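The values are calculated or read from the model by the stated rules, or taken from the named source; none is laboratory data. Computed from a predicted structure; not experimentally measured. Glycine gets a Cβ as well: all are built from the backbone with ideal geometry, and neighbour counts include every protein chain shown.
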Amino acid sequence: MTPRKIAAFALGPIAGALLGLITLPTITWFFAQEDVGRIAMLQVTIGLSTLLFSLGLDQAYVREFHDVANKPALLKQSFLPGFLLLFASLVGLLSLGDFMAMWLFDSSSFQLSLLIAIALLAAFVSRFLSLVLRMNERGLAFSMSQVLPKLLLLGFIGLYVYAEVDKTLTNLILANTAALVFVSVVFAFNTRKEWVAGAASKIEFEHLKHMLRFGIPLIFGGIAFWGLTAVDKVFLRTFANFQELAVYSVSVSFAAAAIILQSVFSTVWAPTVYKWASKGEGLENVHRVTRYVLALVVVLFCFAGLLSWIIELFLPAHYSEVQWIVVSCLGYPLLYTLSESTAVGIGISRRTGFSMLAAVFAFFVNTLGNWSLIPEYGAAGAAVSTCFSFWIFFFLRTEFSIYLWRPMPRLIIYGYSGVAVFGAIAFTLYGSRLDSVMVGFWMIVLAGTIVGFKKEFKVTLRFALGIIKWKSIKNSF
């Protein structure tokens, strides 16, 4: 894959994360806090239903794509079983009236149940059609799969404000559903050649069985990781209230800016490492890169702790708690990124089951943490539990990588990351009472990181200055 194509694929996560910084905070100004929390439950449900009903065939489609001649037939074979199962399940749930709306939103409304069903179907369709774009290396079109829903939702919210439409839960869910449906229609148009050709093809049941044998085991790993990232919202819905869920969701949306780092690093890192592995050279650079990533992760935690008060300027007064919670919410994207650099041995050894094992164990830790902390601390407890669970996830992936591949000096990795996580947890739970103490803590950690990674910061600074100098020279001609 060329650098231009990599950039095209990376554009989606980057633009999606930036739009995420705008979308949910914008909604907080116009809709009730409880309704913002209810939107989070819709997103959790979409993620789980797409994961379950795909039957792992989305991953099988990716795996088989380059090995089959009739790719449109492969699309039909991958898409149809899960779609029919999802459709039949939703018809059954709709026959129960307002069951889905009551379960998700505590709202007795068949109209909301119908909108939920349409949203789930549209998200499922978009998932598979976006894979067609991805596998055909249509990077720009694929990136739109992550940008369009947020962009359209912002457009619908703006239309509501301009037309002075009632800011009700139904209208908020309608805007989300309409955005998903519109995106699925755009994807259907962009991939019309593939799915039209696939519709006329026959399903090869023996091949389908082979694909299911490959895909279904992946569901369990997917559910474990989904649980690791979503169980906090489920527990907030159960043990707290929609207001706490709204505060937590907004905190996560601000922390999602760090997903830019995760997406860009993952896009570039994995192909680079596997290229080194295939040539049997360059692997000595893994620990060096890990030190750069570790320094960046700790610095970002520090800056978040020092500057989180700025968030309060962009939100209504009843979201003031977000400034404390957001630092722990950074644990997911930052620690996951760090684990990507330390866990390369799992991918090189092709023992991916160990990543699933790490996710399963971290999921159980997160479940126990949420169950223990949410009743007392609400959204803050959920953030703390998820942050600590991702440190466990990172720790296990690193240890498994060392076990499967080769040792690496990791005391400094665990030390710096552990201090950052400890600070994030203390900041979230007690930051409002220990404000000046926490400022001093983050300043000390930041200074210690700069001193401890002096060489890495010097190299980075020289590199940045070199780019600036080159651009100034180039522009002078």
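Data for the structure
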| quantity | calculated |
| --- | --- |
| Positions within segment 343-358 being at pLDDT 80 or above and among the β-branched types (V, I, T), in sequence order | V344, I346 |
| Residues within segment 375-402 that are more than 19 Å from the chain's Cα centre (by Cα), crowded, with 24+ Cβ neighbours inside 10 Å and in contact (Cβ under 8 Å) with a residue 60 or more places away in the chain, tallied | 0 |
| Index of the failed condition, I39 passing every other in (1) at pLDDT 85 or above; (2) surrounded by fewer than 21 Cβ atoms within 10 Å (Cβ to Cβ) | (2) |
| Top-ranked residue of segment 15-28 - restricted to ones that are among the aliphatic types (A, V, I, L, M) and modelled with pLDDT of 75 or more, ranked as farthest from S251 (Cα to Cα) | A15 |
| Contacts under 6 angstrom Cβ, first residue in segment 132-155 being within 23 Å of E64 (Cα to Cα), partner acidic (D, E), 6 or more apart | V132/E194 |
| Residue within segment 191-212 that is farther than 19 Å from Q77 by Cα and surrounded by fewer than 20 Cβ atoms within 10 Å (Cβ to Cβ) present | no |
| Matching entry among V247, V161 (being in the same structural domain as L313 (by TED's automatic domain parsing) and on the phi < 0 side of the Ramachandran plot) | V247 |
| Failed condition for S107, given (1) closer than 22 Å to E64 by Cα; (2) hydroxyl-bearing (S, T, Y); (3) not in a helix (DSSP H, G or I) | (1) |
| Filter result (out of contact with any Pro (no Cβ under 7 Å at 6 or more places or on another chain), surrounded by fewer than 19 Cβ atoms within 10 Å (Cβ to Cβ) and part of a helix (DSSP H, G or I)) within segment 301-342 | F303, L306, L307, W309, I310, E312, L313, A317, H318 |
| Positions within segment 428-459 being assigned to a loop (DSSP other than H, G, I, E, B), under 22 Å from V247 (Cβ atoms) and within 30 Å of the chain's Cα centre (by Cα), in sequence order | G431, S432 |
